[in-house]
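The values are calculated or read from the model by the stated rules, or taken from the named source; none is laboratory data. Remember, predicted model here, so these are calculated numbers, not experimental data. Here the Cβ positions follow ideal geometry from the backbone for every residue, glycine too, while neighbour counts run over all protein chains shown. With ligands, DNA and RNA removed, areas are computed over all heavy atoms of the protein, side chains included. Shrake-Rupley method; radii C 1.70, N 1.55, O 1.52, S 1.80 Å.
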Amino acid sequence: MSAPTPLRFEDGRPMLLTGLRQRHALTENDAGLGEQWRRFEELGPLPGQVGERRYGVMCDADAQSFEYMCAVEVIAFDEHHPGLGRMRITPQRYAVFAHRGTAATLGETWRAILFDWLPNSSYRSAHRPDFELYGAGQEPARLDGEIEIWVAIV
């Protein structure tokens, strides 16, 4: 896969996200992420949820693994569902990319962005959470269709 080109650059707004957090090995297949999304979707709308967008947040990556959070935006953490993780997203500049296709190629898109585009661009990682953005009506457990990937940059 050749280096993708950003669709646009955008200043992200502050958000409060709550969701199901899980650590995944980099060598793990995409079935683990799909199962995590299925369990999250079974919870239904969460108290204080804002809209229908869903976020697949990547953070705390190292050479062997990464943390992934299936999430929705909420008004406040005091209304979040017990047992779910929380994440505060601060205002940040993002390079926004498109992934078109299935779960089988989502990892390839992430790798092309992080290991080809980013090191060869004039930007560097902001070391803030990066995320996938799923629109209303999309089923993240299936991971098909067009997905936006937001990469925090400086």
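Please verify whether ALA3 is surrounded by fewer than 15 Cβ atoms within 10 Å (Cβ to Cβ), closer than 24 Å to ALA95 by Cβ and at pLDDT below 85, treating the condition exactly as stated.
On the way: surrounded by fewer than 15 Cβ atoms within 10 Å (Cβ to Cβ): yes; closer than 24 Å to ALA95 by Cβ: yes; at pLDDT below 85: yes.
When the stated conditions are applied, ALA3 passes them.
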Would you mind finding the one in GLY56, GLY48 that is in contact with a helix residue (DSSP H, G or I) (Cβ under 6 Å, 6 or more places away or on another chain) and open to solvent by less than 50 Å² (accessible area, probe 1.4 Å)?
GLY48
Given the conditions (1) under 14 Å from GLU132 (Cβ atoms); (2) touching a strand residue (DSSP E or B) at 6+ places or on another chain (Cβ under 8 Å); (3) not charged (D, E, K, R), which single one is not true for GLY48?
(1)
